[in-house]
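The values are calculated or read from the model by the stated rules, or taken from the named source; none is laboratory data. Treat the numbers as computed from the prediction; the structure is a model and nothing was measured. Backbone-built Cβ (ideal geometry, glycine too); neighbour counts: all protein chains shown. With ligands, DNA and RNA removed, areas are computed over all heavy atoms of the protein, side chains included. Shrake-Rupley method; radii C 1.70, N 1.55, O 1.52, S 1.80 Å.
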Amino acid sequence: QIRLVEIGGGSVQTGDSLRLVCTTSGSFFSSYTMGWFRQAPGKGREIVASISRSAESTFYADSVKGRFIISRNNHEITVYLQMNSLKPEDTAIYFCAAGSSADYYSVLTDESKYDYWGQGTQVTVSS
């Protein structure tokens with residue numbers, strides 16, 4: 001078991017930036033493929049981004065491609081989500097997740113394949 005904690009959410013204006021941080025404990029960070037998901041009001045949880053254990057492969061949902069950047073620092077057992085040019089439709093609770101089923105170089109895009117989840121951090125973008 002590992003523990004994931006998301007920080008960095010808040011209330012911002014359209015066009016602003018935020019950086020979310022996910023810290024991990026209880027296991028080696030590099031042993032897991034990491035992902036960011038979000039759940040908007042009244043909607044289901046959707047993938048935002050994923051990064052491979054190698055940190056060399058990334059995936060982004062079409063809705064955030066070109067605006068968000070996922071990265072990781074294995075030494076600090078931390079994964080980041082840099083969110084730029086935020087839009088009201090980005091308003092959601094953002095979750096960090098860790099999965100073990102993908103190989104060292106692959107991302108995970110299937111929500112069901114993730115094993116561990118943080119409690120989420122709220123991001124609110126006003127127009």
Legend entry - Of all accessible heavy-atom area on the chain, the percent that carbon and sulfur account for (1.4 Å): 46
Legend entry - Choice from 64, 79, 107 with maximal GNM fluctuation in the chain (Cα, 10 Å cutoff): 64
Inset, instruction - Please work out the average accessible area per residue across the chain, using the 1.4 Å probe convention, and give it in Å². - result: 49
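If I stretch the segment between residue 126 and residue 2 completely, what's the gain in nm (0.36 nm per residue apart, minus their alpha carbon distance), one decimal?
Numbers: separation 124, 0.36 × 124 = 44.64 nm, distance 3.38 nm.
Extra length available between residue 126 and residue 2 comes to 41.3 nm.
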Inset, instruction - Kindly provide the chymotrypsin sites (Phe, Trp or Tyr not before Pro) of the stretch 25-109 that DSSP labels as loop, not H, G, I, E or B, and whose Cβ sees at most 11 other Cβ atoms within 10 Å. - result: 28
Inset, instruction - Report the label-to-label distance for residue 17 and residue 61 in nanometres (one decimal), using points 7 Å from each Cα along the Cα→Cβ vector. - result: 2.1
Inset, instruction - Give me the number: length gained by fully extending residue 69 to residue 104, i.e. 0.36 nm times residue separation minus the C-alpha to C-alpha distance, one decimal in nm. - result: 10.7 nm
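Which trypsin sites (Lys or Arg not before Pro) does the stretch 58-127 hold that lie in a coil by DSSP with at most 15 other beta carbons within 10 Å? Show your work: numbers first, answer last.
Details: sites: 65, 67, 72, 113; in loops: 65, 67.
Hits after loop and neighbour filter: 65, 67.
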